[in-house]
Amino acid sequence: MTTPLGPGPEFDRIRIIERALGSLASGLGDDCAFLPGGWCASTDVSVEDVHFRRGWIDPEAIGWRAASGALSDLAAVGARAESVLVGLVAPADEPAEALAAMMRGAGEAAASVGARIVGGDLTAGRELVLAVTVMGRAVHPVRRAGARPGDGIWVTGMLGGARAALLALLDGRPPDPRALGRFARPMARVAQGEALAAAGARAMIDVSDGLAGELGHLAAASAVGVEVDGGLLPVHSSVFAEAARIGEPPAVFAARGGEDYELVAAMPPDYSATEVAGVPITKVGVVVAGTGVRFRVGGRVTVVGGFNHFA
């Protein structure tokens, strides 16, 4: 791996794949591939009954979520979004109108960050799958590696809203509308990624599988430790009721939540801000010498994990 990955069954499989590829691959381990000319590329897959269920969101939102999740990888490296391709697999009896609505949603998500749909593929299959490839350019590309002891850990936006919606949906309850918006139509923080890169971000990653898990990857890639103060986390307003329902501290609930698609960046010690490109930003911790992530809530160290597809 050019950039080391953190622990977990999913990433153990990626390491096995990397060894199998050997000299047939290079530059693995970051949110994007870095190509000549400043180009950055990434692919993200959204699978029915894994990432979404049809009864939860409409076809446009299915397309939006899939595209926005892929575009978030560009945000994580500080790239400007340019082009999107969508590989769409759907059952043969899927109405054409539903497919068009999914693609319209993907197109709207792309347009929201200045990109366009430029192609893709359509084929029949047993399940609905959207494989989204994104292309962009970075003036100041940021990897997961590069954080140094003393750097601050900063997070954009608010955390935990998507998880709050997901738990309600899984229980068959109507989610808080604000949480459902975070789940159904997340915003890729492309402009914010560019701004943080220009401001000197040392390392960056997007929060797709939970802040706690993502910080583990950033720490492993940078060969450092990270300390987070749970009391500083920007917790989405919908979290408190859902966290109380399952008996979890709101900060822990928010840190475990996936698909927020916010950015977490290691910034130089002198960095200071309350917002970046129109979105709030919060310092939640610091980079330290050592390894791993220490998450403190109420003065006690708490073990917090993120989502893992193969756990």
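Under 1.5 on a/c is rounded, so check that first for the chain, then, if it is not, pick prolate when a/b is larger than b/c and oblate when it is not; a ≥ b ≥ c are the square roots of the alpha carbon gyration tensor eigenvalues. It is oblate, given that a/c is not under 1.5 and a/b is not larger than b/c.
Among all helices in the chain defined by DSSP H, which have a length of 20 Å or more along the axis from Cα atoms plus a Kyte-Doolittle mean of at least -1.0? Before the final figure, lay out each step's value.
Details: long enough: 59-76 (26 Å, 0.36); 96-112 (24 Å, 0.52).
The answer, listed by residue number, is 59-76, 96-112.
Among the GluC sites (Glu not before Pro) in segment 63-133, those placed in a DSSP loop whose Cβ has at most 11 other Cβ atoms within 10 Å are Glu127.
Backbone amide hydrogens, once placed in the peptide plane, bring Arg143 within less than 5 Å of Met204, excluding anything fewer than 5 places away on its chain.
Here the contact order of segment 152-302, divided by its residue count and restricted to Cα pairs under 8 Å and six or more residues apart, works out to 43 percent.
For segment 113-265, report the translational diffusion coefficient in µm²/s to the nearest whole number, using Stokes-Einstein at 25 °C, 0.890 mPa s, and a Kirkwood Rh over Cα pairs.
Details: Rh = 17.0 Å.
Answer from the Stokes-Einstein relation: 144 µm²/s.
Straightening the chain between Thr291 and Asp93 buys 66.2 nm, computed as 0.36 nm per residue apart minus the Cα-Cα spacing. In this label model, Ile246 and Thr43 are separated by 3.1 nm, measuring between points 7 Å along each Cα→Cβ vector. In this simple spin-label approximation, Arg148 and Arg126 carry label points 7 Å from Cα along the Cα→Cβ vector, and these lie 5.3 nm apart. Answer rounded, prolate or oblate for segment 205-311, using the Cα gyration tensor with square roots of eigenvalues a ≥ b ≥ c: rounded when a/c is under 1.5, else prolate when a/b is larger than b/c, else oblate. Here segment 205-311 falls in the rounded category. Pairwise inverse Cα distances across segment 1-153, averaged and inverted, put the Kirkwood hydrodynamic radius at 16.8 Å.
Among the trypsin sites (Lys or Arg not before Pro) in segment 87-181, those located in a DSSP loop and surrounded by at most 14 other Cβ atoms within 10 Å of their own Cβ are Arg126. Using a Gaussian network model of the chain in which every pair of alpha carbons under 10 angstrom is joined by a spring, one finds that among Ser46, Ser68, Ser272 the greatest mean-square fluctuation is at Ser272. Note that segment 61-148 carries a Kirkwood radius of 13.6 Å, evaluated over its alpha carbons pair by pair.
In percent, rounded to a whole number, the relative contact order of the chain is 23, using alpha-carbon pairs under 8 Å and six or more apart. Considering all C-alpha pairs of segment 248-292, those separated by over 18 Å amount to 46%.
Report relative contact order for segment 1-64 in percent, whole number only (criteria: Cα-Cα under 8 Å, sequence separation at least 6). Intermediate values should be presented prior to the final figure.
Numbers: 34 pairs, mean separation 15.6, N = 64.
Computed over segment 1-64, the figure is 24 percent.
Values in this text are rule-based calculations from the coordinates and carry no lab data. Note that this is a predicted model, so its numbers are computed, not measured. Virtual Cβ from ideal backbone geometry, glycine too; neighbours counted across all protein chains shown.
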